[in-house]
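Colleague: Take this structure first; my questions come after.
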Amino acid sequence: MRETRYTVQASPIGPLVLAGAGERLACIGLPAGKGAVTPKPDWLRDDAAFVDARAQLGAYFDGRLTRFDLDLDPRGTPFQHMVWAELIRIPPGRTISYGELARRIGRPGASRAVGAANGDNPLPIVVPCHRVIGASGALTGFAGGVETKRFLLALERGLDAASQAQLALL
């Protein structure tokens with residue numbers, strides 16, 4: 001088994017912990033909330049790791065990248081992988097409901113299970129679970145917190161400050 005390496009990437013939402021084996025990214029830890037990740041004692045800090053991921057995340061936060069092309073290694077169940085694969089198909093800046101996501105994977109009655117799979121997504125931002133919202137249109141349930149979700153959607157939509165303030169009302 002290959003050892004887990006990690007590095008920390010600065011971002012406008014706070015420091016992100018990037019971890020995985022080799023150059024295969026298995027985890028992006030958000031700065032706060034349920035998505036926060038603390039490196040485990042057996043992880044090896046390697047600030048030369050994940051060069052592509054760091055560059056692409058930097059370009060994303062600079063507004064120059066809308067789709068990631070990385071070697072990913074998320075660990076999860078077959079159902080979770082099905083949900084995560086569908087998340088990647090949601091266009092940047094767009095949102096769909098948990099129910100719509102469940103319909104898209106052929107499980108129309110599984111919106112709660114889809115929500116749980118979203119919550120267990122080990123690669124937020126790259127696998128864009130922030131693009132899923134409540135049926136009412138409310139920004140609900142994001143491991144990094146609703147404020148971070150709002151920020152990511154505004155970033156993807158290229159919104160100015162006034163438009164971001166309108167999005168904050170959701």
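Colleague: What is the set of long-range amide H partners of I133 at a cut-off below 5 Å, with H atoms built 1.01 Å from backbone N?
Modeller: I96, S97, Y98
Colleague: Quick one: which residues, 5+ away or cross-chain, put their amide H under 5 Å from the amide H of G144? H built at 1.01 Å from N.
Modeller: G35
Colleague: Would you calculate the separation in nanometres between label points at A116 and L65, each defined as 7 Å from the Cα along the Cα-to-beta-carbon direction?
Modeller: Label at A116, label at L65, 3.3 nm between them.
Colleague: Which whole-Hz ³J(HN,Hα) couplings does the range 145-156 yield from phi under the Karplus relation 6.51 cos²θ - 1.76 cosθ + 1.60, θ = phi - 60°, glycine and proline marked x?
Modeller: x, 5, 4, 5, 4, 4, 4, 5, 5, 5, 4, 5
Colleague: Okay, moving on. Using the alpha carbons of the chain, what is the convex hull volume per residue in cubic angstrom, as a whole number?
Modeller: 106 Å³
Colleague: Taking θ = phi - 60°, what integer Hz values does the Karplus form 6.51 cos²θ - 1.76 cosθ + 1.60 yield along the range 36-50, in sequence order, with x for Gly and Pro?
Modeller: The phi angles translate into 5, 10, 9, x, 6, x, 8, 6, 9, 6, 9, 6, 9, 7, 6 Hz.
Colleague: Let me ask something else. Mind checking the angle between helix 51-61 and the chain's longest principal axis? C-alpha axes, 0 to 90 degrees, to the nearest 10.
Modeller: Once rounded, one gets 30 degrees.
Colleague: Per the 1.4 Å probe, what fraction of the accessible area of the chain, in percent, lies on carbon and sulfur atoms?
Modeller: Ligands and nucleic acids excluded, carbon and sulfur give 53 percent.
Colleague: Relative to the Cα centre, what is the charge dipole magnitude of the chain, using +1 at the beta carbon of each Lys and Arg, -1 at the beta carbon of each Asp and Glu, and rounding to the nearest 20 debye?
Modeller: 520 debye
Colleague: Using amide H atoms built in the peptide plane, which far-off residues or other-chain residues are under 5 Å from C27 H to H?
Modeller: Placed amide hydrogens put A19 under 5 Å from C27.
Colleague: Could you calculate the FRET efficiency of E3 with K34 from 1/(1 + (r/R0)^6), where r is the beta carbon distance between them and R0 is 30 Å, rounded to 0.05?
Modeller: The formula returns an efficiency of 0.70 here.
The values are calculated or read from the model by the stated rules, or taken from the named source; none is laboratory data. Just so it is clear, the model here is predicted, and its values are computed rather than measured. Methodologically, a virtual Cβ is constructed for each residue, glycine included, from the backbone with ideal geometry; neighbour enumeration extends over all protein chains shown. Surface areas here come from the heavy atoms of the whole protein model, side chains and all, with no ligands, DNA or RNA. Shrake-Rupley method; radii C 1.70, N 1.55, O 1.52, S 1.80 Å.
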